1. Under a cut-off of 29 Å between alpha-carbon atoms, report the lysines in cross-link reach of B:LYS14, not counting same-chain residues fewer than 8 places apart.
2. Could I have the simple spin-label model distance between B:THR15 and B:THR54, label points 7 Å from Cα toward Cβ, reported in nm to one decimal?
3. Once you charge only the Cβ atoms, +1 for Lys and Arg and -1 for Asp and Glu, what is the size of the charge dipole of chain A about its Cα centre, to the nearest 20 debye?
4. Can you give me the Cα centroid spacing of region B:1-19 and region B:45-68 in angstrom?
5. When only alpha-carbon atoms count, how far does chain B stretch along each of its three principal axes, as whole angstroms with the largest first?
6. Between B:ASP62 and A:LEU51, what is the label-point separation in nm under the 7 Å Cα-to-beta-carbon projection?
7. Would you mind getting me the FRET efficiency between A:GLN42 and A:THR113? Use the beta-carbon distance for r and R0 = 22 Å, nearest 0.05.
8. State the antiparallel share, in %, of DSSP beta bridges confined to chain A, rounding to the nearest 5.
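Any read-out appearing in this document is the output of simple, stated calculations on the displayed coordinates, not a laboratory observation. As the structure is a prediction and not an experimental result, all values here were calculated from the model. FYI the Cβ positions are ideal-geometry reconstructions off the backbone, even for glycines, and counts take in every protein chain you see.
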Amino acid sequence: DAKTTQPTSMDCAEGRAANLPCNHSTISGNEYVYWYRQIHSQGPQYIIHGLKNNETNEMASLIITEDRKSSTLILPHATLRDTAVYYCIVRVALFFSSGSARQLTFGSGTQLTVLP
Amino acid sequence: NAGVTQTPKFRVLKTGQSMTLLCAQDMNHEYMYWYRQDPGMGLRLIHYSVGEGTTAKGEVPDGYNVSRLKKQNFLLGLESAAPSQTSVYFCASSYRGGPPGGTDTQYFGPGTRLTVL
């Protein structure tokens, strides 16, 4: 799976948009970009994923550059409850074609702190 | 829907003791996984299951056993606990593992914090 680079920490004012960047310059054509987050002492939570096109759901938007070497997760109106570690993961499907599995590698992520 | 639930939430064991962690999901997912999370290590896959009655080893299976007797439940057993197994254990499930190049979204439980003394 491609390596990702994220800032260690970011702050955002409550009610403003939070833009979290991720660099994945070695991404290959069949690798998806996933975003998960982990609120302190809780299990990871899926946010969004995409391959080439920009994606939006009820939680966030994902903007992927045309060359796919970087992406940005956008939380349009951040709240205090969005304070968490955000993980950008670039990977193919969990399972190899042989059926064996590999882990979901979370890395160190970005600690987003939403300030009142 | 409760999603993915795990019991217990916390447990302290002595070296050599055994225990079973229970994971349950009510989303009718085929695939289930057990991970452990240690500081600075991210998540590591212990075992997984692609359906009722089937299990397979992940990245760090030693010292653990699993069973999937029912589709909605996935049990993780520690036969003889060791201090190195002190960790936070997460269970996850997904609708499917996804074909090569496809996608899968995993839904995680709240975790079990295990301390082995």
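1. Reachable lysines: B:LYS57.
2. 3.9 nm
3. On the way: 9 positive and 9 negative charges, 48 e Å.
The calculation lands at about 240 debye.
4. Their Cα centres are 16 Å away from one another.
5. Per principal axis, max minus min of the Cα coordinates gives 41, 26, 23 Å.
6. It works out to 3.9 nm between the two label points.
7. Working: r = 16 Å, r/R0 = 0.73.
The pair A:GLN42/A:THR113 has a calculated efficiency of 0.85.
8. Working: 29 of 34 bridges.
Antiparallel: roughly 85 percent of the beta bridges in chain A.
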